[in-house]
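The values are calculated or read from the model by the stated rules, or taken from the named source; none is laboratory data. Quantities reported herein were computed from a predicted structural model and do not represent experimental measurements. We place every Cβ from the backbone using ideal geometry, glycine too, and count neighbours over all the protein chains shown. Each accessible area value is taken on the protein alone, full model and side chains, heavy atoms only, with ligands, DNA and RNA left out. Shrake-Rupley method; radii C 1.70, N 1.55, O 1.52, S 1.80 Å.
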Amino acid sequence: MTTARDTVLGRIRDALALAPVPDAPVRRAYRTGRTLPDDERLALFTDRLVDYRAQVRTCAAEGTARTVAGALREHGARRIGVPAGLDRSWLDGYDGEAEEDSAAVPAPRLDALDGVVTASAVSCAETGTIFLDGSPDQGRRALSLVPDLHVCVVDLSTVETGVPEAVARLTPDRPTTLISGPSATSDIELERVEGVHGPRTLVVVIRTDV
C-alpha cells in the first residue's frame with residue numbers, strides 16, 4: 001500500500017530526475033580568524049546576552065558550584081535535571097534534588113523539573129549565541145528546551161568573536177542547538193512573550209579563567 005509520504009517523495013525524485021540541480025560552488029568570502037582580548041570578548045558577549053534578557057554571572061572555576069547554586073536558589077529550583085556527563089562538582093553547593101537525564105525519560109516528564117544545568121560547546125560573542133552539541137555534559141536537546149529555567153556554564157576560552165570562528169569549532173555531524181537568550185516570541189500586537197518554545201529564564205555562568 002502506497003502512503004502519502006511515498007507519493008510525495010516519489011514526485012520529488014521524479015522532478016529532480018527531470019531537472020537535476022547543477023553543482024554550484026559555495027562562496028566563502030566571509031571574514032574569518034577574528035580575535036579579541038579576553039576582557040573585550042567577555043564584555044561583548046555579556047552585552048549581547050543581557051540585551052537578549054539573559055542573566056549573566058561571572059566567576060572563576062573554583063567558584064562554579066557556589067555560583068550555580070546561587071542561581072538555582074534565586075529561582076527556587078528545588079528539583080533539576082542534569083545530563084549524564086555533567087561535572088558533579090558543579091552541584092556541590094546545591095541542596096536540592098538533581099535527576100540524571102537519559103533517553104529513557106519521556107520528554108513530557110521533563111516539564112516537572114524546576115530547571116536544568118548544562119555545560120556548553122562553544123559560544124559567539126558578537127551574537128550572544130551559545131552552541132550546545134549534545135555532548136555528555138550538555139545532554140539531549142529536550143533537556144535544555146523543556147524545563148523553564150536553564151543554567152548554562154560557559155568557559156570564556158570557548159567564546160569566539162564571530163560566527164565563522166564559532167562554527168569552525170563545532171563537529172559537523174553532531175546535533176547542534178543554538179541559544180540566544182531565553183525563549184521568546186511576539187504575538188500579533190508585538191507583545192513579547194517568553195517561555196513559549198523553550199526556557200523562560202536563561203542564566204549564563206561564565207567562568208573567566210578557563
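What residue, among those in the range 179-195 that are of a type in the set (A, V, I, L, M) and open to solvent by 50 Å² or more (accessible area, probe 1.4 Å), is nearest to S120 (Cα to Cα)? Steps first, please.
Start the filter on the range 179-195 by keeping residues that are of a type in the set (A, V, I, L, M), which leaves 179, 184, 188, 190, 193.
Then drop every residue that is not open to solvent by 50 Å² or more (accessible area, probe 1.4 Å), which leaves 188, 190, 193.
Details: I188: 34, L190: 31, V193: 25 Å.
It comes out as V193.
Of all residues in the range 149-173, which are under 18 Å from G134 (Cβ atoms), surrounded by 18 or more Cβ atoms within 10 Å (Cβ to Cβ) and in contact with a Cys (Cβ under 9 Å, 6 or more places away or on another chain)?
Correct list: A166 only.
Per-residue answers, yes or no, for (1) within 18 Å of A77 (Cα to Cα); (2) among the aliphatic types (A, V, I, L, M); (3) touching a helix residue (DSSP H, G or I) at 6+ places or on another chain (Cβ under 9 Å):
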site	(1), (2), (3)
S102	no, no, no
P106	no, no, no
D111	yes, no, no
C152	yes, no, yes
V159	no, yes, yes
P164	no, no, no
I179	no, yes, yes
G195	yes, no, no
V203	yes, yes, yes
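Filter the range 94-114 down to the residues that are part of a loop (DSSP other than H, G, I, E, B) and of a type in the set (D, E, K, R), then identify the one that is farthest from A71 (Cα to Cα).
D101
Condition check: open to solvent by 40 Å² or more (accessible area, probe 1.4 Å), modelled with pLDDT of 95 or more, closer than 20 Å to I206 by Cα and not β-branched (V, I, T). Does L36 satisfy that?
Yes; evaluated as a whole, the condition is true for this residue.
All but one of (1) at pLDDT 95 or above; (2) buried (at least 18 other Cβ atoms within 10 Å of the Cβ) hold for T176, so report the exception by its number.
(2) is the only condition that T176 fails.
Across the range 131-148, what is the number of residues that are of a type in the set (F, W, Y) and open to solvent by 40 Å² or more (accessible area, probe 1.4 Å)?
Selection size over the range 131-148: 0.
When the range 5-44 is examined, which residues are found to be touching a helix residue (DSSP H, G or I) at 6+ places or on another chain (Cβ under 8 Å), assigned to a helix (DSSP H, G or I) and of a type outside the set (A, V, I, L, M)?
Within the range 5-44, D38, R41 qualify.
Could you check the range 62-97 and list, in sequence order, the residues that are β-branched (V, I, T) and either open to solvent by less than 10 Å² (accessible area, probe 1.4 Å) or at positive phi (or both)? Walk me through it before giving the result.
Residues of the range 62-97 that are β-branched (V, I, T), as a first pass: 64, 67-68, 80, 82.
If the condition is that a residue be β-branched (V, I, T) and either open to solvent by less than 10 Å² (accessible area, probe 1.4 Å) or at positive phi (or both), then T64, V68, I80, V82 are the ones that fit.
Taking the options G198, G128, name whichever one is open to solvent by less than 20 Å² (accessible area, probe 1.4 Å) and in contact (Cβ under 8 Å) with a residue 60 or more places away in the chain.
So the residue among G198, G128 that is open to solvent by less than 20 Å² (accessible area, probe 1.4 Å) and in contact (Cβ under 8 Å) with a residue 60 or more places away in the chain is G128.
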